[in-house]
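A.B. asks: One structure, pasted below without further comment.
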Amino acid sequence: MERWRVGVLRSGAESVAWTDHGEGQDRESARDAAVYARVLAEGRQEFRVQVAENEAYVYPGETGDGELELTGIRDVLPQRYSR
């Protein structure tokens with residue numbers, strides 16, 4: 001099991017508000033759970049995602065259709081991490 005948490009750096013705020021946390025079966029499912037827990041609810045803004053001991057700041061893009069582009073988050077927090 002891998003623990004995850006996700007926070008939001010809202011407009012005008014100086015600190016990340018940690019909003020959601022949980023566990024996934026592995027790092028990939030933990031990362032995806034973090035993304036879908038908050039990013040889809042909050043929309044385009046800066047997020048801090050932590051899976052196990054690995055953290056990343058991410059800012060989702062937007063597709064040509066106006067949908068959130070989440071593939072960049074997978075690039076920032078890949079399934080396997082170097083130690």
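The values are calculated or read from the model by the stated rules, or taken from the named source; none is laboratory data. If you're wondering where the values come from, they're calculated on a predicted model, not measured in any experiment. Note that each Cβ is placed from the backbone with ideal geometry, even for glycine, and that neighbours are counted across all protein chains shown.
A.B. asks: Find the residue count for the range 41-65, including only residues that are within 18 Å of Thr19 (Cβ to Cβ) and surrounded by 12 or more Cβ atoms within 10 Å (Cβ to Cβ).
C.D. replies: To start, the set of residues in the range 41-65 that are within 18 Å of Thr19 (Cβ to Cβ) comprises 41-51, 55-60.
Right, trim to surrounded by 12 or more Cβ atoms within 10 Å (Cβ to Cβ) and you get 42, 44-51, 55-60.
Qualifying residue count for the region: 15.
A.B. asks: Would you say Ala30 is small (Gly, Ala, Ser), modelled with pLDDT of 75 or more and within 11 Å of the chain's Cα centre (by Cα)? Walk me through how you get there before you give the answer.
C.D. replies: On the way: small (Gly, Ala, Ser): yes; modelled with pLDDT of 75 or more: yes; within 11 Å of the chain's Cα centre (by Cα): yes.
Yes: the conditions hold for Ala30.
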